[in-house]
1. Among all residue pairs at least 6 apart or on different chains, which show Cβ distances below 7 Å where the first residue, located in the stretch 340-357, is closer than 16 Å to K212 by Cβ and more than 15 Å from the ligand (Cβ to nearest atom) and the second is among the charged types (D, E, K, R) and outside any helix (DSSP H, G or I)?
2. Go through A161, A92 for me and flag whichever is among the hydrophobic types (A, V, I, L, M, F, W, C) and under 18 Å from K237 (Cβ atoms).
3. Residues L214, L182, L199: which one is under 10 Å from the mean Cα position of the chain (by Cα) and not β-branched (V, I, T)?
4. Looking only at the stretch 120-131, count how many residues are in a helix (DSSP H, G or I), out of contact with any strand residue (DSSP E or B) (no Cβ under 6 Å at 6 or more places or on another chain) and within 14 Å of S110 (Cβ to Cβ).
5. Against the condition within 19 Å of I221 (Cα to Cα) and in contact with a Gly (Cβ under 7 Å, 6 or more places away or on another chain), how does A85 come out, does it pass?
6. Please go through the stretch 205-231 and give me each residue that is surrounded by fewer than 23 Cβ atoms within 10 Å (Cβ to Cβ), more than 13 Å from the ligand (Cβ to nearest atom) and not hydroxyl-bearing (S, T, Y), ordered by number.
7. If a residue has to be in a helix (DSSP H, G or I) and closer than 28 Å to I220 by Cα to count, how many in the stretch 14-68 make the cut?
8. So which pairs qualify, if the first residue must be in the stretch 8-29 and basic (K, R), the second must be assigned to a loop (DSSP other than H, G, I, E, B), the Cβ gap must be under 9 Å, and the two must be at least 6 apart or on different chains?
Amino acid sequence: MKQSDFKKFKIGTRIIRATSHVDFNVKSHVPPIFQTVNYEYENAEDGFAVFNGAKQGYVYTRDGNPNTDHLAELVALLEEGEMAATTASGMAAISSAILSLVKPGDHIVSSKFIYGGTRAWLEGPLNDQNISSSFVNILDEQEIISAITPATKILYAEVLANPNLIVADLDLLSKIAKKNNLVLIIDNTFTPPPIIQPLKYGADLVIHSATKYLGGHGDIIGGVIVGSAGRIQNINKIIKLYGGVSSPFNAWLAMRGLKTLAVRLDNHCRNALKVAEFLDKHSKVNQVYYPGLASHPQHKLAASQLNGFGGMLAFEIKGDFSAVKRIMDAVKVFNFTVSLGEIDSLIMHPASTSHVSLSDKDKKALGITDSLIRLSIGIEDSDDLIYDLEQALELI
Ligand code: PLP
């Protein structure tokens, strides 16, 4: 409609429908945010052509949006995969990927060292749909193989697992998956490229909670899945119909985060190694879990697979829960929050937060004691991080 045609309408209608004098078709240096549900067309024929697929274009943001597509393209590039899909959260990425592959009666073999939310979904809602899971020690080849049944469709693991930083042997998992015709899904949230590209090791699908390092600033919830075009197209059908799509703004923020991912990770890894070395020598620390330390039981495997050991570490103090609380109250640079992979350093207590729903027996099996503290190391000055921990440890 021409501007002059609006003259005959009342103010209320004109405010809603009037075109602007501002030129929105300028070439913005940074991609704009397409915060829109719908898309417009040149004319009815053009619109019908887009709707029936004869012409490329967007119709409805749950089905596709330039910002979510852009993020998918960048993460596919990052992981060197054929295609990627974006989701509303890491959990939506995990559930959509798995739901695209299983039907009632199927079975999943999963590492027992996985994010608590993933385990809760596998054991709860997915199990209720008659899709069962076995949780195995992925360090034990025989235990993995023994858990596989004719109904098994998926082998699932995380590269570095929370909170004790267990390292998955991707060559081994890939060999087992190929031999048994399983789809290998690897959650790479803790170790995004350039640390590792699981597809190169034979993973079929790679998952990210973009909430963590990809976004990197603690201001979005998001997820991404990378894999072959065929697999991602199937996953996209699930995402769109179950509705767990990324918002354009969150995708835009993740896109912005991706631009500094490599420099942030370099800093996270360097700082984490320094903090781990400091804690390793501290008289009030029983044990440090960081794959970059020679004392970590899988240090050799980590060194052979990873380009940097990540920003996550855990340590067990010589003290009980009350001593843990004293440390958490005393730190000034670290913040008590449950997420991870952000530019600022975070501290938390797995036994009473992320793993609180586990039984004492399960916690023990995973090495989660009341004395264990988890750190997500940020990109602040490492001297300040060490000073902060040193002054807090003095209090116990
Ligand atoms: N995968 C891992 C390894 C995680 O740590 C988390 C969350 O902490 C998730 C997936 C789930 O991601 P989100 O919170 O974005 O749903």
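1. The qualifying pairs are D344/E380; S345/E380.
2. A92
3. L214
4. Total meeting the criteria: 6.
5. no
6. Matches in the stretch 205-231: H217, A229, G230, R231.
7. Result for the stretch 14-68: 3.
8. What qualifies is R17/M1; R17/F9.
The values are calculated or read from the model by the stated rules, or taken from the named source; none is laboratory data. In this text the structure is predicted, and so the values were computed from the model without any measurement. Glycine gets a Cβ as well: all are built from the backbone with ideal geometry, and neighbour counts include every protein chain shown.
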